[in-house]
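Take a look at the structure below.
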Amino acid sequence: MPKGQIRFFHERKSFGFVDRGADPDVFFHISDYDGAYPEEGEIVTFDIEYGGRGPRGLKITPITGKE
């Protein structure tokens, strides 16, 4: 399972992006997040689905702590 860091989360619109370092960021919706609310800097694991709009994160699970 890939690992990344929450780069951005827009609480009102319920979406965000996971930073994967050298790879393209992954879009996610709050419905794919396993937890209360994502926090910027939080480390997560996730699955990736590739579609016409780019990579989308699924089953995003927080790992304790931030980098």
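Okay, here's what the table says:
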{"read-out": "Scope the range 29-48; condition over 12 Å from Pro2 (Cβ atoms) and not hydroxyl-bearing (Ser, Thr, Tyr); matching residues", "value": "His29, Ile30, Asp32, Asp34, Gly35, Ala36, Pro38, Glu39, Glu40, Gly41, Glu42"}
{"read-out": "Gln5, sole failed condition from (1) part of a strand (DSSP E or B); (2) over 9 Å from the mean Cα position of the chain (by Cα); (3) not acidic (Asp, Glu)", "value": "(2)"}
{"read-out": "Criterion: part of a strand (DSSP E or B) and crowded, with 17+ Cβ neighbours inside 10 Å - qualifying residue of Ile60, Ile43", "value": "Ile60"}
{"read-out": "Residue satisfying all of: in the range 8-35; free of Cβ contacts under 8 Å to residues at least 24 places away in the same chain and among the aliphatic types (A, V, I, L, M); farthest from Ile63 (Cα to Cα) among these", "value": "Ala22"}
{"read-out": "Criterion violated by Ile6 - all others in (1) surrounded by 15 or more Cβ atoms within 10 Å (Cβ to Cβ); (2) at pLDDT below 95 satisfied", "value": "(2)"}
{"read-out": "Boolean, Asp34 is modelled with pLDDT under 95, among the acidic types (Asp, Glu) and in contact with a strand residue (DSSP E or B) (Cβ under 9 Å, 6 or more places away or on another chain)", "value": "yes"}
{"read-out": "Matching residues, the range 13-30, being outside any strand (DSSP E or B) and either modelled with pLDDT of 95 or more or surrounded by 12 or more Cβ atoms within 10 Å (Cβ to Cβ) (or both)", "value": "Lys13, Ser14, Ile30"}
{"read-out": "Subset of the range 46-57 that is touching a strand residue (DSSP E or B) at 6+ places or on another chain (Cβ under 7 Å) and of a type outside the set (Asp, Glu) - its residue that is surrounded by the most Cβ atoms within 10 Å (Cβ to Cβ)", "value": "Gly57"}
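The values are calculated or read from the model by the stated rules, or taken from the named source; none is laboratory data. Values in this document were obtained by computation on a predicted structure and should not be read as measured data. All Cβ positions, glycine included, derive from the backbone under ideal geometry; neighbour counts span all protein chains shown.
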